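The values are calculated or read from the model by the stated rules, or taken from the named source; none is laboratory data. Quick caveat: nothing in here was measured; it's all calculated off a predicted structure. Note: ideal-geometry Cβ built from the backbone for every residue, glycine included; neighbour counts use all protein chains shown.
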Amino acid sequence: MIQDIYPKIYHNEYHDLTPGKDDCILIFHKNKVLVRFQENKLRYPTLQELEVHTRQPSLPNSSKAGKTIFHYLFSIDERKYFLAYPDDTALILQEAPPVVLPGYAYEDVRIFRTAGSRHTSFAGITAHHLFGWYQTNRFCGRCGHPMSADRKERMLFCPKCHNMVYPRISPAVIVGILNGDRILMSKYAGRAYANYALIAGFVEIGENVEQTVKREVMEEVGLKVKNIRYYKSQPWAFSGSLLMGFFCDLDGSDQITLDTSELAEAGWFGRDEISLTDDSVSLTREMIMRFKHGKEVSL
Ligand SMILES: [Zn+2]
């Protein structure tokens, strides 16, 4: 899966650091990221490259100066990653990206699904998740005062009313529903992702994840399930979520009632009818492959 970057090690502990000249700088503009491909490998600019090539006064060489904010994100092995964005609402909202760098281009963050260089892609999509959190919490949601970054942990606080905001992660479930030697697969309605997937949905306030599994299955395909068993989890920054995968068994009728606002189609598939191959990216695909190869979790 996308987070499996072994033998590289992802270091998520927060530190109050400022970028050095060789550190990677992640610059996003909406759903695009500033990258270049070097020998088919994804690369991010270093601070030094930005300082040499960029003429904009918004890129300083210190942690917070002028109109750019830098946040330390994480490290992978010894490599440190920082986020940079302008502290200026007009620049953030404008159509053109605020930073242009020779040799680099803005690519849609969906390239992280297919870019190949695994740890670099994982760094990029995780950084994009944090970027969304930092950018949507520049002001206090309670009193409107500008937020400050805490120095000890990854947290934003309001100096005026003491509101504290931690990174937002939305828990969600993925459900492999088994019916004897068949599994239920579905296709989303109105989404760019066109392959078969499993039933999925966000956990709502006031329910545990097993209840989410039952509710989502009933809402989306009108089926009852039993024997719910946990499989694995996955950070899925594309939707800002933590995915929790479950297998379960059909309980009662196999008659599907489709929620057409969510799904374009859904049906039961035998192992030989699954033409998908492992993409080594998503938990959904890993679960489908596990079923296809007869290795689904059973009680
Ligand atoms: Zn406040």
Margin query: Could you check the stretch 150-186 and list, in sequence order, the residues that are within 25 Å of the chain's Cα centre (by Cα), in contact (Cβ under 8 Å) with a residue 60 or more places away in the chain and in a strand (DSSP E or B)?
Written below: S170, P171, A172, V173, I174, V175, G176, I177, L184, M185, S186
Check: If the Cβ limit is 7 Å and pairs must be 6+ apart or interchain, which residue in the stretch 272-297 that is more than 16 Å from F247 (Cα to Cα) pairs with which residue that is among the hydrophobic types (A, V, I, L, M, F, W, C) and not in a loop (DSSP other than H, G, I, E, B)?
Finding: I274/I288; L276/I288; D278/M289
Check: Would you call V217 surrounded by 15 or more Cβ atoms within 10 Å (Cβ to Cβ) and either in a loop (DSSP other than H, G, I, E, B) or touching a Phe, Trp or Tyr at 6+ places or on another chain (Cβ under 7 Å) (or both)?
Finding: no
Notebook entry, point to check: M244 passes all but one of (1) outside any helix (DSSP H, G or I); (2) more than 28 Å from H128 (Cα to Cα); which number fails?
Noted result: (2)
Next item on the list: Output the qualifying pairs, or none if there are none: Cβ atoms under 8 angstrom, residues six or more apart or on different chains, first residue in the stretch 211-225 and assigned by TED's automatic domain parsing to the domain that holds M244, second residue part of a helix (DSSP H, G or I).
Entry: L223/V217; K224/K214; K224/V217; K224/M218; V225/V213; V225/K214; V225/V217
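Checking the structure you have, find out if any residue of the stretch 202-212 is at pLDDT 95 or above, in contact with a Lys or Arg (Cβ under 8 Å, 6 or more places away or on another chain) and more than 30 Å from T89 (Cβ to Cβ). Spell out the reasoning first.
We begin by selecting, within the stretch 202-212, every residue at pLDDT 95 or above; these are 202-212.
Retained after the next criterion (residues that are in contact with a Lys or Arg (Cβ under 8 Å, 6 or more places away or on another chain)): 204, 207.
Okay, now just the ones that are also more than 30 Å from T89 (Cβ to Cβ), so 204, 207.
Yes, there is a match, as at least one residue in the stretch 202-212 is at pLDDT 95 or above, in contact with a Lys or Arg (Cβ under 8 Å, 6 or more places away or on another chain) and more than 30 Å from T89 (Cβ to Cβ).
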Next item on the list: Run down I199, I228, I177 and say which single residue is farther than 23 Å from E273 by Cβ and either within 16 Å of the ligand (Cβ to nearest atom) or touching a strand residue (DSSP E or B) at 6+ places or on another chain (Cβ under 9 Å) (or both).
Entry: I228
Checklist line | The listed residue being under 30 Å from D88 (Cα atoms) and among the basic types (K, R), out of R229, R215, R154 | finding: R154
Notebook entry, point to check: So V297 clears everything in (1) under 26 Å from the mean Cα position of the chain (by Cα); (2) over 26 Å from F112 (Cβ atoms); (3) at pLDDT 95 or above except one condition, right? Which one?
Noted result: (3)
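So, in the stretch 260-289, of the ones that are in contact with a strand residue (DSSP E or B) (Cβ under 9 Å, 6 or more places away or on another chain), of a type outside the set (A, V, I, L, M, F, W, C) and part of a loop (DSSP other than H, G, I, E, B), which residue ends up surrounded by the fewest Cβ atoms within 10 Å (Cβ to Cβ)?
Out of the qualifying residues, it is E262.
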Next item on the list: State which residue is surrounded by the most Cβ atoms within 10 Å (Cβ to Cβ) when the search covers only the stretch 133-174 and only residues that are within 8 Å of the ligand (Cβ to nearest atom) and of a type in the set (D, E, K, R).
Entry: K160
